[in-house]
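Shown next, in structure tokens, is the structure this report addresses.
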């Protein structure tokens, strides 16, 4: 079986299609359970965020696995099959490992380098474990991806890419003639992006910051960190009417600030809306209202990063590339281990059978002589097997290394059932592929 990922993200699909595929909590659990019930899937994990839905599976067959998972996503979206399929991407085996490591490192995020994705990958693994859809293959892969993501953030300054997008949004507001320091800024949302936005506003000496989210306690935590004010969610309209700048960054799957709501609170006055959510929080039609300026995350994320950020991104890409190579080498070595074990077991069986036959034919041999003969025969067998077993492990790290193990199995007529039994008992540990 091999790793397969079928997914859709902000890179492959327009917002209106991505919004239809986006999953809520219960939908994630339902999808991951349905995935392992399909004919070609043994394990499954679903990463679901505001800008991506990806299903990782340990698939018995490539085409069957792709068809199974694609059909599940089409069923969930509830729109035309072709409308979904044309925006899906597929990564298989080595490419799937590369993709997950890049995702966990923030390289594939809309806001490059954002660290929230690490927590989302961790939650995806935990949900799969709770639903008992995770086995040894995906558990090792996701544990390693989390370690790689942490390493990228610890060893580089890629985290600074995310604040640069928030800063770009605020720069846009100022370019529209807004004086942030004298403005009332409303932050809609209370998650990681809201906290980042509030902190960036505070660093720019913005003193009138109001935070509102669906959970007042979370809004209060964000507001307290910047000496701002938290208000209940049911006061959203009242606060919108008072705000000069609105930064919306919720995790909602539908529009939060619809056209009529914006029309009522704007009423022709100057109002800057910075939509940092995906799926979008603000109805795009609001941009046509008198006095309203709307800037979306998609526009901001398309801006070119500065040189220091680009250098950090390059360093993280190098880390990911080395970690992928190390992980694949360790995984291939684990795959050939059963063949090595089966080969040595066969040799041991042959040696023991011949020693028993010798004992039956020459019972008069003294015990010490019999022991010397046994030691010599075992030493000869070990020496004959040493070179091929070492070579199999060396070749395992090459792209076609598994074929050498298969050739050895055919050459020595190894019992395939025994090899498969050993394979099921052997799985790489989390530290394989470069350490914990």
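The values are calculated or read from the model by the stated rules, or taken from the named source; none is laboratory data. Owing to the predicted nature of the structure, the values given are computational and were not obtained by experimental measurement. Neighbour counts are summed over all protein chains in view; Cβ atoms, including those assigned to glycine, are modelled from backbone coordinates with ideal geometry.
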* Say whether the condition of being outside the structural domain of residue 238 (by TED's automatic domain parsing), surrounded by 18 or more Cβ atoms within 10 Å (Cβ to Cβ) and over 30 Å from residue 408 (Cα atoms) is met by at least one residue in the stretch 319-327. => yes
* Looking at the stretch 346-366, which of its residues are over 15 Å from residue 380 (Cβ atoms) and in contact with a helix residue (DSSP H, G or I) (Cβ under 7 Å, 6 or more places away or on another chain)? -> 359
* How about the stretch 1-42: which of its residues are more than 21 Å from residue 119 (Cα to Cα), assigned to a strand (DSSP E or B) and under 17 Å from the mean Cα position of the chain (by Cα)? -> 2, 3, 4
* Structure fact -> Scanning the stretch 136-155 residue by residue, the ones that are in contact with a strand residue (DSSP E or B) (Cβ under 6 Å, 6 or more places away or on another chain) and modelled with pLDDT of 95 or more total 1
* **Residue among 228, 213 that alone is surrounded by 20 or more Cβ atoms within 10 Å (Cβ to Cβ), in contact with a strand residue (DSSP E or B) (Cβ under 6 Å, 6 or more places away or on another chain) and either on the phi < 0 side of the Ramachandran plot or modelled with pLDDT under 95 (or both)** => 228
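Among the listed residues 66, 112, 45, 32, identify the single one that is farther than 18 Å from residue 148 by Cβ, in contact (Cβ under 8 Å) with a residue 24 or more places away in the chain and in contact with a helix residue (DSSP H, G or I) (Cβ under 8 Å, 6 or more places away or on another chain). Steps first, please.
Values: 66 fails: in contact with a helix residue (DSSP H, G or I) (Cβ under 8 Å, 6 or more places away or on another chain); 112 fails: farther than 18 Å from residue 148 by Cβ; 45 fails: farther than 18 Å from residue 148 by Cβ.
Result: 32 is the single residue among 66, 112, 45, 32 that is farther than 18 Å from residue 148 by Cβ, in contact (Cβ under 8 Å) with a residue 24 or more places away in the chain and in contact with a helix residue (DSSP H, G or I) (Cβ under 8 Å, 6 or more places away or on another chain).
Go through the stretch 378-394 and give me each residue that's at pLDDT 75 or above and surrounded by 13 or more Cβ atoms within 10 Å (Cβ to Cβ).
Within the stretch 378-394, the subset at pLDDT 75 or above is 378-392.
Residues satisfying the conditions are 378, 381, 382, 385, 388, 389, 392.
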